[in-house]
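Student: This structure is in structure tokens; I'll ask about it shortly.
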Amino acid sequence: RYGHKREGRSASAAGARESTIPDILFQSADHARIHLAARPFLLYSIGVMMAGSVFSVGIFDRDGATLSPQHRLWELGTGKANEKGLRVFIRLIRSLTFLLSEVDIGQDPTVETVGDDENGYPTFRFSLGGEDTRRWQTIGPPYWSSVSYLGRGTSVWSVREYKDAKLVGPELVMKNAWRTSRGTPESAIYGFVEGKHPGLAKFLDGRDVLCPKSMLSITTYGLRRYPPNAYGTERYVHRLLLETVGRPLWEYETDLELTKAIRAT
């Protein structure tokens, strides 16, 4: 359970109620939601939660939260430092702030940050993983980045291919999202379409993203080192590249154009 018993002192003296830790877990999940929305290529967010003398760590991904055991910094009854808890806390903070790499703390291993654009927004370079050596690079901020916590975590970007140290080819749309294994991949749905239609985006490429130089898909259960789920709830990172580049609604030129665009959606 997330709460802890009060030992010998009042709740106010302890600095935390028995119900405080569930509250902190809820608040941490909300902070993780914002963190994942602000950095769309994070696979998970790490949060350190403290309630009075107790602390624990949560890893928040698109399927929920995984919590560490609880540790104490000091004893409630005596106020004496808990040596074991202090050692764990020091190692934890040192690891998160100094020892661990960006991938260790959640960055998608198929994505790298390559600086900022002229407006100060981060530019990302990415692949589809596995043995695929092709790279694409984002242009400006995303058209859309989901602010939900559990779910698909969709982000949509303008990108171009990165080849021979420069951007080549036309502008494309890239969609990055998590899908459940029981659902048909969006890339497969495009493959079912026969012919073409002016209202349908033209599919270029895409699939479940693989770990670099591996045929293993990036999944929530894989990150947790759980066995595959038999009920189809395991989530996969899925990435699409579309040749059709539309225009944002806010760039409409006439009221009629805006009305038609809204009606088409």
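Student: Of the residues that sit in segment 70-121 and are in a strand (DSSP E or B) and of a type in the set (Asp, Glu), which one is surrounded by the fewest Cβ atoms within 10 Å (Cβ to Cβ)?
Tutor: If we take residues in segment 70-121 being in a strand (DSSP E or B) and of a type in the set (Asp, Glu), then Asp116 is surrounded by the fewest Cβ atoms within 10 Å (Cβ to Cβ).
Student: Then there's this: Which is of a type outside the set (Phe, Trp, Tyr), assigned to a strand (DSSP E or B) and either at positive phi or within 13 Å of the chain's Cα centre (by Cα) (or both), of Gly140, Gly151, Gly169?
Tutor: Answer to the selection: Gly169.
Student: If you scan segment 110-142, which residues turn out to be farther than 17 Å from Ala177 by Cβ and β-branched (Val, Ile, Thr)?
Tutor: Matches in segment 110-142: Thr113, Val114, Thr123, Thr133, Ile139.
Student: Please give the helices (runs of 4 or more DSSP H) falling wholly within segment 180-265 in which 3 or more residues are exposed (fewer than 11 other Cβ atoms within 10 Å of the Cβ) and at pLDDT below 90. Break it down into steps so the answer makes sense when it comes.
Tutor: Numbers: elements: 186-192, 220-224, 255-264.
Of the helices (runs of 4 or more DSSP H) lying wholly inside segment 180-265, those with at least 3 residues that are exposed (fewer than 11 other Cβ atoms within 10 Å of the Cβ) and at pLDDT below 90 span 255-264.
Student: Also: Filter segment 114-129 for residues that are modelled with pLDDT of 95 or more and in contact with a Lys or Arg (Cβ under 8 Å, 6 or more places away or on another chain); which is nearest to Lys166 (Cα to Cα)?
Tutor: Arg125
Student: Could we say that Phe124 is crowded, with 17+ Cβ neighbours inside 10 Å and either of a type outside the set (Asp, Glu) or assigned to a helix (DSSP H, G or I) (or both) here?
Tutor: Against the criterion (crowded, with 17+ Cβ neighbours inside 10 Å and either of a type outside the set (Asp, Glu) or assigned to a helix (DSSP H, G or I) (or both)), Phe124 qualifies.
Student: List every residue pair whose Cβ atoms lie under 9 Å apart, where the two residues are 6 or more positions apart in sequence or sit on different chains, the first residue falls within segment 64-84 and is within 23 Å of Ile46 (Cα to Cα), and the second residue, located anywhere, is exposed (fewer than 14 other Cβ atoms within 10 Å of the Cβ) and not basic (Lys, Arg).
Tutor: Filtered contacts from segment 64-84: Leu73/Ala81.
Student: I'm checking my understanding of the structure. Among residues of segment 34-66 that are within 21 Å of Ser217 (Cβ to Cβ) and hydrophobic (A, V, I, L, M, F, W, C), which one is most open to solvent (accessible area, probe 1.4 Å)?
Tutor: Once the filter is applied, the top-ranked residue is Ile59.
The values are calculated or read from the model by the stated rules, or taken from the named source; none is laboratory data. Please read these numbers as outputs of a predicted model, since none were measured by experiment. In this analysis, Cβ positions are derived from the backbone assuming ideal geometry, glycine residues included, and neighbour counts consider all displayed protein chains. SASA here: full protein model, heavy atoms, side chains in, ligands and nucleic acids out. Shrake-Rupley method; radii C 1.70, N 1.55, O 1.52, S 1.80 Å.
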